[in-house]
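Each remark here refers to the structure printed beneath this line.
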Amino acid sequence: MTTYSIALIPGDGIGRDVTAAAWTVLETAARNFGFAVAGTELPWSCRLFKQTGCMMPEDGIETLRGFDAILLGAVGWPAEVPDSVSLHGLLLPIRKAFVQYANIRPHRLLPGVTGPLRAENFDILCIRENTEGEYSGAGGRVHQGTLDEVAVETSIFTRAGVERILRFGFEQARARRGKLASVTKSNAQKYSMVFWDEITRKLAAEYSDVEVTSYHVDALAARMIMAPESLDVVVASNLFGDILTDIGAAIQGGLGYAASANINPDRSAPSMFEPVHGSAPDIAHLGIANPIATIWSGAMMLDHLGEKAAASRVMKAIEATTARGVGTTAGKDTTETITAAIVAAFP
Ligand code: GGG
(Lines give C-alpha, C1' and ligand atoms only; values in the text may rest on other atoms or scores of the structure.)
Protein backbone atom coordinates (compact mmCIF):
# COMPACT_ATOMS: atom_id res chain seq x y z
CA MET A 1 0.00 0.00 0.00
CA THR A 2 1.33 3.45 -0.86
CA THR A 3 1.84 5.75 2.11
CA TYR A 4 2.20 9.48 1.50
CA SER A 5 4.22 11.40 4.09
CA ILE A 6 2.61 14.77 4.69
CA ALA A 7 4.06 17.68 6.66
CA LEU A 8 1.25 19.38 8.57
CA ILE A 9 1.81 23.02 9.46
CA PRO A 10 -1.38 24.19 11.20
CA GLY A 11 0.22 27.60 11.93
CA ASP A 12 -1.84 30.16 13.80
CA GLY A 13 -5.43 30.91 14.77
CA ILE A 14 -8.05 29.05 12.76
CA GLY A 15 -5.24 27.33 10.85
CA ARG A 16 -5.20 24.77 13.64
CA ASP A 17 -8.96 24.08 13.41
CA VAL A 18 -9.10 23.78 9.63
CA THR A 19 -6.03 21.57 9.17
CA ALA A 20 -7.38 19.13 11.79
CA ALA A 21 -10.66 19.03 9.83
CA ALA A 22 -8.90 18.50 6.49
CA TRP A 23 -6.76 15.75 7.98
CA THR A 24 -9.87 13.86 9.13
CA VAL A 25 -11.23 13.99 5.57
CA LEU A 26 -7.87 13.00 4.03
CA GLU A 27 -7.69 9.94 6.31
CA THR A 28 -11.24 9.02 5.30
CA ALA A 29 -10.34 9.35 1.61
CA ALA A 30 -7.19 7.25 2.11
CA ARG A 31 -9.17 4.47 3.83
CA ASN A 32 -11.72 4.44 1.03
CA PHE A 33 -9.20 4.39 -1.81
CA GLY A 34 -6.56 1.97 -0.54
CA PHE A 35 -3.66 4.24 0.34
CA ALA A 36 -2.38 5.75 3.58
CA VAL A 37 -1.41 9.24 4.72
CA ALA A 38 1.19 9.68 7.46
CA GLY A 39 1.10 13.15 8.95
CA THR A 40 3.91 14.84 10.87
CA GLU A 41 2.79 17.97 12.68
CA LEU A 42 5.28 20.84 12.74
CA PRO A 43 4.49 23.61 15.25
CA TRP A 44 5.89 26.39 13.06
CA SER A 45 3.95 29.53 13.81
CA CYS A 46 3.92 32.94 15.47
CA ARG A 47 3.84 31.08 18.80
CA LEU A 48 7.18 29.50 17.91
CA PHE A 49 8.46 32.94 16.88
CA LYS A 50 7.58 34.32 20.31
CA GLN A 51 9.55 31.50 21.94
CA THR A 52 12.57 31.30 19.63
CA GLY A 53 12.64 34.39 17.41
CA CYS A 54 12.08 32.23 14.30
CA MET A 55 8.93 31.11 12.45
CA MET A 56 10.60 27.79 11.66
CA PRO A 57 13.87 26.17 12.71
CA GLU A 58 17.04 26.93 10.76
CA ASP A 59 16.88 23.53 9.05
CA GLY A 60 13.14 23.87 8.37
CA ILE A 61 13.45 23.78 4.59
CA GLU A 62 15.66 20.68 4.72
CA THR A 63 13.16 19.01 7.08
CA LEU A 64 10.30 19.68 4.67
CA ARG A 65 12.23 18.43 1.65
CA GLY A 66 11.75 14.83 2.77
CA PHE A 67 7.93 14.95 2.61
CA ASP A 68 5.67 14.10 -0.31
CA ALA A 69 3.57 17.23 0.28
CA ILE A 70 2.82 19.99 2.80
CA LEU A 71 -0.61 20.93 4.16
CA LEU A 72 -0.61 24.38 5.74
CA GLY A 73 -3.38 26.15 7.68
CA ALA A 74 -2.76 29.84 8.23
CA VAL A 75 0.05 32.10 9.28
CA GLY A 76 -0.20 35.31 11.26
CA TRP A 77 -0.85 36.73 14.70
CA PRO A 78 -0.51 40.46 14.09
CA ALA A 79 -1.12 41.47 17.71
CA GLU A 80 2.21 39.86 18.62
CA VAL A 81 4.23 39.38 15.41
CA PRO A 82 4.16 41.83 12.46
CA ASP A 83 2.59 40.20 9.38
CA SER A 84 5.68 41.10 7.33
CA VAL A 85 7.78 39.00 9.73
CA SER A 86 5.48 35.97 9.84
CA LEU A 87 4.92 35.90 6.06
CA HIS A 88 8.61 36.32 5.19
CA GLY A 89 9.57 33.83 7.91
CA LEU A 90 7.52 30.87 6.75
CA LEU A 91 5.20 30.90 3.72
CA LEU A 92 7.32 32.89 1.28
CA PRO A 93 10.61 31.04 1.99
CA ILE A 94 8.88 27.67 1.47
CA ARG A 95 7.34 28.77 -1.84
CA LYS A 96 10.69 30.08 -3.07
CA ALA A 97 12.97 27.30 -1.79
CA PHE A 98 10.77 24.59 -3.31
CA VAL A 99 10.24 26.50 -6.58
CA GLN A 100 6.48 26.34 -6.08
CA TYR A 101 6.13 28.88 -8.83
CA ALA A 102 2.50 28.20 -9.70
CA ASN A 103 -0.13 29.13 -7.14
CA ILE A 104 -3.40 27.71 -8.40
CA ARG A 105 -6.66 29.08 -7.01
CA PRO A 106 -10.06 27.86 -8.30
CA HIS A 107 -13.08 30.14 -8.04
CA ARG A 108 -16.54 28.71 -8.61
CA LEU A 109 -19.74 28.49 -6.61
CA LEU A 110 -20.29 25.23 -4.75
CA PRO A 111 -23.87 23.92 -4.92
CA GLY A 112 -26.04 25.58 -2.27
CA VAL A 113 -23.64 28.49 -1.75
CA THR A 114 -25.02 31.91 -2.62
CA GLY A 115 -22.46 34.40 -3.85
CA PRO A 116 -22.88 38.17 -3.88
CA LEU A 117 -23.30 38.33 -7.68
CA ARG A 118 -26.25 37.56 -9.97
CA ALA A 119 -23.86 35.44 -12.06
CA GLU A 120 -23.76 31.82 -10.95
CA ASN A 121 -22.13 29.92 -13.79
CA PHE A 122 -18.54 31.02 -13.51
CA ASP A 123 -15.55 28.73 -13.22
CA ILE A 124 -12.27 30.64 -13.03
CA LEU A 125 -8.83 29.19 -12.42
CA CYS A 126 -6.47 31.90 -11.21
CA ILE A 127 -2.78 31.18 -11.55
CA ARG A 128 -0.58 33.45 -9.50
CA GLU A 129 3.18 33.68 -10.05
CA ASN A 130 4.49 32.61 -6.68
CA THR A 131 8.25 33.05 -6.35
CA GLU A 132 9.29 36.46 -7.66
CA GLY A 133 7.73 39.71 -8.90
CA GLU A 134 6.52 42.11 -6.25
CA TYR A 135 7.13 39.61 -3.41
CA SER A 136 10.82 39.06 -4.23
CA GLY A 137 11.85 40.72 -0.98
CA ALA A 138 14.46 42.89 -2.71
CA GLY A 139 14.84 46.28 -1.14
CA GLY A 140 15.73 48.13 1.98
CA ARG A 141 15.32 51.20 4.15
CA VAL A 142 17.94 53.83 4.87
CA HIS A 143 18.05 56.74 7.32
CA GLN A 144 15.37 54.97 9.32
CA GLY A 145 13.34 57.18 11.64
CA THR A 146 14.67 60.44 10.15
CA LEU A 147 13.05 62.91 7.78
CA ASP A 148 15.43 61.66 5.08
CA GLU A 149 14.18 58.10 5.35
CA VAL A 150 13.88 56.19 2.07
CA ALA A 151 12.21 52.82 1.47
CA VAL A 152 12.87 50.94 -1.76
CA GLU A 153 11.19 47.69 -2.80
CA THR A 154 12.08 46.31 -6.20
CA SER A 155 9.90 43.90 -8.15
CA ILE A 156 11.98 41.28 -9.90
CA PHE A 157 10.71 39.69 -13.10
CA THR A 158 13.04 37.23 -14.80
CA ARG A 159 12.56 35.84 -18.30
CA ALA A 160 12.69 32.30 -16.91
CA GLY A 161 10.17 33.13 -14.16
CA VAL A 162 7.67 34.91 -16.42
CA GLU A 163 7.95 32.40 -19.23
CA ARG A 164 7.40 29.37 -17.01
CA ILE A 165 4.30 30.79 -15.28
CA LEU A 166 2.79 31.90 -18.59
CA ARG A 167 3.53 28.52 -20.14
CA PHE A 168 1.84 26.90 -17.13
CA GLY A 169 -1.18 29.15 -17.73
CA PHE A 170 -1.34 28.28 -21.43
CA GLU A 171 -1.20 24.56 -20.59
CA GLN A 172 -4.02 24.90 -18.04
CA ALA A 173 -6.14 26.84 -20.54
CA ARG A 174 -5.50 24.17 -23.17
CA ALA A 175 -6.74 21.51 -20.72
CA ARG A 176 -9.87 23.54 -19.84
CA ARG A 177 -11.97 25.83 -22.06
CA GLY A 178 -9.06 27.21 -24.09
CA LYS A 179 -9.15 30.81 -22.86
CA LEU A 180 -6.32 32.63 -21.11
CA ALA A 181 -6.42 36.11 -19.56
CA SER A 182 -2.91 37.48 -19.03
CA VAL A 183 -2.92 40.29 -16.47
CA THR A 184 -0.53 43.26 -16.24
CA LYS A 185 -0.51 47.01 -15.81
CA SER A 186 1.74 47.66 -18.74
CA ASN A 187 0.45 51.16 -19.44
CA ALA A 188 1.86 52.34 -16.11
CA GLN A 189 4.65 49.85 -15.40
CA LYS A 190 6.59 50.18 -18.59
CA TYR A 191 9.46 47.76 -17.92
CA SER A 192 8.33 44.65 -16.05
CA MET A 193 4.78 44.56 -17.33
CA VAL A 194 5.65 45.36 -20.95
CA PHE A 195 8.17 42.50 -20.63
CA TRP A 196 5.33 40.21 -19.38
CA ASP A 197 3.09 41.26 -22.29
CA GLU A 198 5.88 40.58 -24.81
CA ILE A 199 6.43 37.08 -23.44
CA THR A 200 2.67 36.48 -23.53
CA ARG A 201 2.65 37.38 -27.24
CA LYS A 202 5.68 35.19 -27.93
CA LEU A 203 4.08 32.14 -26.30
CA ALA A 204 0.70 32.84 -27.91
CA ALA A 205 2.31 31.94 -31.25
CA GLU A 206 3.13 28.48 -29.84
CA TYR A 207 -0.36 27.98 -28.39
CA SER A 208 -2.50 28.95 -31.37
CA ASP A 209 -5.35 26.78 -29.98
CA VAL A 210 -5.60 29.02 -26.88
CA GLU A 211 -7.46 32.32 -27.13
CA VAL A 212 -5.32 34.75 -25.14
CA THR A 213 -6.36 38.25 -24.10
CA SER A 214 -4.13 40.71 -22.23
CA TYR A 215 -5.93 42.79 -19.60
CA HIS A 216 -4.86 45.56 -17.30
CA VAL A 217 -5.36 44.44 -13.74
CA ASP A 218 -7.99 47.09 -12.98
CA ALA A 219 -10.08 46.02 -15.97
CA LEU A 220 -9.73 42.35 -15.04
CA ALA A 221 -10.79 43.09 -11.45
CA ALA A 222 -13.95 44.73 -12.78
CA ARG A 223 -14.55 41.85 -15.21
CA MET A 224 -14.37 39.31 -12.37
CA ILE A 225 -17.38 41.08 -10.86
CA MET A 226 -19.29 42.20 -13.95
CA ALA A 227 -18.77 39.19 -16.24
CA PRO A 228 -17.04 36.36 -14.35
CA GLU A 229 -18.52 33.72 -16.66
CA SER A 230 -16.46 35.20 -19.54
CA LEU A 231 -13.21 34.12 -17.82
CA ASP A 232 -11.49 30.74 -17.85
CA VAL A 233 -7.81 30.76 -16.81
CA VAL A 234 -6.31 33.96 -15.42
CA VAL A 235 -2.54 34.32 -15.03
CA ALA A 236 -1.04 37.16 -13.04
CA SER A 237 2.00 38.30 -11.11
CA ASN A 238 2.46 37.60 -7.39
CA LEU A 239 0.82 40.79 -6.07
CA PHE A 240 -1.88 41.08 -8.73
CA GLY A 241 -2.71 37.38 -8.30
CA ASP A 242 -2.92 37.80 -4.54
CA ILE A 243 -5.40 40.65 -4.86
CA LEU A 244 -7.47 39.17 -7.70
CA THR A 245 -7.90 35.91 -5.82
CA ASP A 246 -9.45 37.74 -2.88
CA ILE A 247 -12.02 39.02 -5.37
CA GLY A 248 -12.32 35.42 -6.57
CA ALA A 249 -12.92 34.30 -2.99
CA ALA A 250 -15.54 37.01 -2.49
CA ILE A 251 -17.53 36.09 -5.59
CA GLN A 252 -17.49 32.40 -4.67
CA GLY A 253 -19.16 33.20 -1.35
CA GLY A 254 -16.21 34.02 0.88
CA LEU A 255 -12.75 33.02 1.99
CA GLY A 256 -14.16 29.89 3.61
CA TYR A 257 -14.39 28.36 0.10
CA ALA A 258 -11.14 29.60 -1.46
CA ALA A 259 -8.61 26.78 -1.87
CA SER A 260 -5.08 26.96 -3.19
CA ALA A 261 -2.13 24.85 -4.27
CA ASN A 262 1.47 26.04 -4.42
CA ILE A 263 2.77 23.73 -7.10
CA ASN A 264 6.30 22.74 -8.02
CA PRO A 265 5.44 21.57 -11.53
CA ASP A 266 8.79 19.79 -12.02
CA ARG A 267 8.20 17.75 -8.84
CA SER A 268 11.79 18.42 -7.79
CA ALA A 269 10.52 19.38 -4.31
CA PRO A 270 7.27 19.05 -2.34
CA SER A 271 4.27 21.19 -3.23
CA MET A 272 2.23 22.96 -0.55
CA PHE A 273 -1.54 23.17 -0.16
CA GLU A 274 -3.30 25.83 1.91
CA PRO A 275 -6.53 27.77 2.10
CA VAL A 276 -6.33 31.33 0.77
CA HIS A 277 -7.57 32.71 4.09
CA GLY A 278 -5.39 33.81 6.97
CA SER A 279 -5.49 32.99 10.67
CA ALA A 280 -8.65 35.06 11.47
CA PRO A 281 -7.70 35.83 15.11
CA ASP A 282 -11.23 37.15 15.78
CA ILE A 283 -12.76 33.69 15.42
CA ALA A 284 -9.74 31.57 16.40
CA HIS A 285 -10.64 28.55 18.51
CA LEU A 286 -14.38 29.32 18.57
CA GLY A 287 -14.91 26.19 16.48
CA ILE A 288 -16.80 28.07 13.77
CA ALA A 289 -14.16 28.38 11.03
CA ASN A 290 -15.35 26.96 7.72
CA PRO A 291 -12.94 24.11 6.88
CA ILE A 292 -14.12 23.72 3.26
CA ALA A 293 -11.28 25.80 1.74
CA THR A 294 -8.69 23.61 3.46
CA ILE A 295 -10.50 20.37 2.65
CA TRP A 296 -10.71 21.47 -1.00
CA SER A 297 -6.96 22.26 -0.84
CA GLY A 298 -6.50 18.71 0.50
CA ALA A 299 -8.35 17.41 -2.56
CA MET A 300 -5.92 19.38 -4.74
CA MET A 301 -3.09 17.70 -2.83
CA LEU A 302 -4.50 14.23 -3.52
CA ASP A 303 -4.85 15.14 -7.19
CA HIS A 304 -1.21 16.31 -7.29
CA LEU A 305 -0.08 13.08 -5.60
CA GLY A 306 -1.80 11.10 -8.37
CA GLU A 307 -4.80 9.96 -6.29
CA LYS A 308 -7.24 11.38 -8.83
CA ALA A 309 -10.25 9.23 -7.87
CA ALA A 310 -9.87 10.08 -4.17
CA ALA A 311 -9.50 13.79 -5.01
CA SER A 312 -12.64 13.77 -7.06
CA ARG A 313 -14.50 11.87 -4.29
CA VAL A 314 -13.51 14.52 -1.73
CA MET A 315 -14.86 17.21 -4.05
CA LYS A 316 -18.12 15.27 -4.51
CA ALA A 317 -18.43 14.91 -0.71
CA ILE A 318 -17.91 18.68 -0.28
CA GLU A 319 -20.50 19.39 -2.98
CA ALA A 320 -23.03 16.95 -1.51
CA THR A 321 -22.57 18.65 1.88
CA THR A 322 -23.05 22.22 0.66
CA ALA A 323 -25.95 21.13 -1.54
CA ARG A 324 -27.71 20.10 1.72
CA GLY A 325 -27.08 23.58 3.10
CA VAL A 326 -24.33 22.52 5.51
CA GLY A 327 -21.42 24.95 5.58
CA THR A 328 -23.20 27.48 3.41
CA THR A 329 -23.99 30.22 5.93
CA ALA A 330 -21.21 31.88 7.91
CA GLY A 331 -21.27 30.86 11.57
CA LYS A 332 -24.36 28.58 11.30
CA ASP A 333 -22.50 25.26 11.36
CA THR A 334 -19.45 24.46 13.43
CA THR A 335 -16.15 23.28 11.97
CA GLU A 336 -16.90 19.88 13.47
CA THR A 337 -20.43 19.66 11.99
CA ILE A 338 -19.22 20.55 8.50
CA THR A 339 -16.34 18.06 8.71
CA ALA A 340 -18.61 15.28 9.97
CA ALA A 341 -21.07 15.95 7.14
CA ILE A 342 -18.30 15.72 4.54
CA VAL A 343 -17.03 12.47 6.04
CA ALA A 344 -20.60 11.11 6.11
CA ALA A 345 -20.94 11.89 2.40
CA PHE A 346 -18.35 9.19 1.59
CA PRO A 347 -19.95 5.89 0.58
N1 GGG B 1 -3.53 30.22 4.45
C2 GGG B 1 -2.28 30.78 4.31
C3 GGG B 1 -2.18 32.13 4.95
O4 GGG B 1 -2.06 32.26 6.14
N5 GGG B 1 -2.26 33.16 4.14
C6 GGG B 1 -2.17 34.49 4.63
C7 GGG B 1 -1.47 35.44 3.74
O8 GGG B 1 -1.45 36.62 4.02
N9 GGG B 1 -0.88 35.00 2.67
C10 GGG B 1 -0.18 35.83 1.80
C11 GGG B 1 0.11 35.13 0.53
O12 GGG B 1 -0.57 34.20 0.17
O13 GGG B 1 1.03 35.54 -0.17
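See the values below:
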{"item": "Only listed residue being more than 30 Å from Arg201 (Cα to Cα) and part of a strand (DSSP E or B), chosen from Met301, Met272", "result": "Met272"}
{"item": "Residue selected from segment 226-245 under the condition more than 10 Å from the ligand (Cβ to nearest atom) and assigned to a helix (DSSP H, G or I), by the criterion most open to solvent (accessible area, probe 1.4 Å)", "result": "Met226"}
{"item": "Candidate set: segment 6-36, residues that are open to solvent by 20 Å² or more (accessible area, probe 1.4 Å) and out of contact with any Ser or Thr (no Cβ under 7 Å at 6 or more places or on another chain); chosen: the one farthest from the ligand (Cβ to nearest atom)", "result": "Gly34"}
{"item": "Every residue from segment 90-106 that is touching a Phe, Trp or Tyr at 6+ places or on another chain (Cβ under 7 Å) and more than 11 Å from the ligand (Cβ to nearest atom)", "result": "Ala102"}
{"item": "Which numbered condition Asp242 fails, given (1) more than 14 Å from the chain's Cα centre (by Cα); (2) of a type in the set (D, E, K, R); (3) under 27 Å from Lys179 (Cβ atoms)", "result": "(1)"}
{"item": "Residue within segment 14-28 that is closer than 26 Å to Tyr257 by Cα and outside any helix (DSSP H, G or I) present", "result": "no"}
{"item": "Enumeration of residues in segment 315-334 that are open to solvent by less than 10 Å² (accessible area, probe 1.4 Å), out of contact with any Phe, Trp or Tyr (no Cβ under 8 Å at 6 or more places or on another chain) and in a helix (DSSP H, G or I)", "result": "Thr321, Thr322"}
{"item": "Any hit, segment 144-153, residues being among the β-branched types (Val, Ile, Thr) and under 17 Å from Ala261 (Cβ atoms)", "result": "no"}
{"item": "Near pairs, Cβ below 6 angstrom, 6+ apart or cross-chain, from segment 304-329 (under 15 Å from Glu27 (Cα atoms)) to any residue that is among the charged types (D, E, K, R)", "result": "Ala311/Asp303"}
{"item": "Qualifying positions in segment 48-84 - part of a helix (DSSP H, G or I), surrounded by fewer than 16 Cβ atoms within 10 Å (Cβ to Cβ) and within 15 Å of the ligand (Cβ to nearest atom)", "result": "Asp83, Ser84"}
{"item": "Any hit, segment 8-15, residues being free of Cβ contacts under 8 Å to residues at least 60 places away in the same chain and within 27 Å of Gly133 (Cβ to Cβ)", "result": "no"}
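Listed here are the residues, each with its yes/no results for (1) touching a helix residue (DSSP H, G or I) at 6+ places or on another chain (Cβ under 8 Å); (2) assigned by TED's automatic domain parsing to the domain that holds Glu120.
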position: Arg201; (1), (2): no, yes
position: Tyr207; (1), (2): yes, yes
position: Met226; (1), (2): no, yes
position: Ile247; (1), (2): yes, yes
position: Glu274; (1), (2): yes, no
position: Ser279; (1), (2): yes, no
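The rows are residues; the columns are (1) under 23 Å from Met224 (Cβ atoms); (2) at pLDDT 95 or above; (3) part of a helix (DSSP H, G or I).
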residue	(1), (2), (3)
Gln100	no, yes, no
Gly112	yes, yes, no
Glu120	yes, no, no
Cys126	yes, yes, no
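The values are calculated or read from the model by the stated rules, or taken from the named source; none is laboratory data. All figures in this text were calculated on a predicted structure; none of them were measured in a lab. Positions of Cβ are generated from backbone atoms using ideal geometry, with glycine treated the same way; all protein chains shown enter the neighbour counts. Protein only, heavy atoms only, side chains kept; ligands, DNA and RNA dropped before computing areas. Shrake-Rupley method; radii C 1.70, N 1.55, O 1.52, S 1.80 Å.
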